[in-house]
Amino acid sequence: MLNQYQILVLEGIRDKYIAEVVNAIKTKMIKRAKVVRDKNGNVSFQPFGSTVNNTGSLANSIRGEISNDTLIVKGNGYIDTLIYGRAPNPQPPVDKIEEWMNSKGLAGFSAWGIARNIAMYGNSIWRVHRGSDSGLISDIDLDAILAAAKAEIMGYEIEAAANELLSSFKFKQ
């Protein structure tokens, strides 16, 4: 069981890590590829980069839970799709594509056509990373967050020890 001080330290680590995850979701450029068809119908993939924060719902869903001595970070279920991509087949739900299109203000495209394209070629992240980590959150330097927490703890412990030592002395002026 963690004491109150340990819980505060773990909450601080949680808050810093979540801030980094949310920042990555909002700002990190992820390599992707779009499907391009030439006039003969041949398909190729054109690389591009973009963030994954289309609607803001993923960034807003990130939260951390402390259970015993473990920190668990959770978010919307589709975060794995943004980290590893969505492989071809099965076709994603057309209504989810429509929601995404509406949030982006896209008109003149067919949600069914986009869903069918994903079913055939995977999503734009899959086309580049093929199920490997896109680096969305794996590039977050957890060691730096932990080192900062360690430095903070050490500072607190040194200050507490110094205060205890000094309080044991008697000073006369």
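The values are calculated or read from the model by the stated rules, or taken from the named source; none is laboratory data. Since the model is a prediction, treat every value here as computed from it, not as a measurement. Using ideal geometry, Cβ is built from the backbone for each residue, glycine included, and neighbour counts are taken over all protein chains shown.
Residues of the range 51-94 being of a type in the set (S, T, N, Q) and within 23 Å of Trp112 (Cβ to Cβ), which ones?
Asn54, Thr55, Ser57, Thr81, Asn89, Gln91
With Ile114, Ile72 as the choices, which residue is without any contact (Cβ under 8 Å) to a residue 60 or more places away in the chain, farther than 30 Å from Asp15 by Cβ and among the aliphatic types (A, V, I, L, M)?
Ile114
Does Asp133 satisfy being among the charged types (D, E, K, R) and over 22 Å from Ile18 (Cβ atoms)?
Spelling it out, it is not the case that Asp133 is among the charged types (D, E, K, R) and over 22 Å from Ile18 (Cβ atoms).
Of all residues being of a type in the set (S, T, N, Q) and touching a Phe, Trp or Tyr at 6+ places or on another chain (Cβ under 9 Å) in the range 116-138, which is nearest to Gly49 (Cα to Cα)? Just the residue, please.
The selected residue is Ser124.
Using the structure shown, decide if Arg37 is out of contact with any helix residue (DSSP H, G or I) (no Cβ under 6 Å at 6 or more places or on another chain), surrounded by fewer than 15 Cβ atoms within 10 Å (Cβ to Cβ), more than 22 Å from Ser132 (Cβ to Cβ) and in contact (Cβ under 8 Å) with a residue 12 or more places away in the chain.
No.
Quick check: anything in the range 90-108 of a type in the set (Lys, Arg), closer than 18 Å to Gly49 by Cα and surrounded by 14 or more Cβ atoms within 10 Å (Cβ to Cβ)?
Scanning the range 90-108 turns up no residue that is of a type in the set (Lys, Arg), closer than 18 Å to Gly49 by Cα and surrounded by 14 or more Cβ atoms within 10 Å (Cβ to Cβ).
Anything in the range 122-139 that is of a type outside the set (Gly, Ala, Ser), outside any helix (DSSP H, G or I) and surrounded by 18 or more Cβ atoms within 10 Å (Cβ to Cβ)? List them, or say none.
Asn123, Ile125, Leu136, Ile137
Quick one: which of Gly113, Gly85 is over 16 Å from Val52 (Cα atoms) and modelled with pLDDT of 90 or more?
So the residue among Gly113, Gly85 that is over 16 Å from Val52 (Cα atoms) and modelled with pLDDT of 90 or more is Gly113.
Pull up the range 45-86, narrow it to residues that are surrounded by 16 or more Cβ atoms within 10 Å (Cβ to Cβ) and among the small types (Gly, Ala, Ser), then point me to the one that is nearest to Ile25 (Cα to Cα).
Among them, the one singled out is Ala59.
So how many residues does the range 140-173 have that are surrounded by 10 or more Cβ atoms within 10 Å (Cβ to Cβ) and basic (Lys, Arg)?
1
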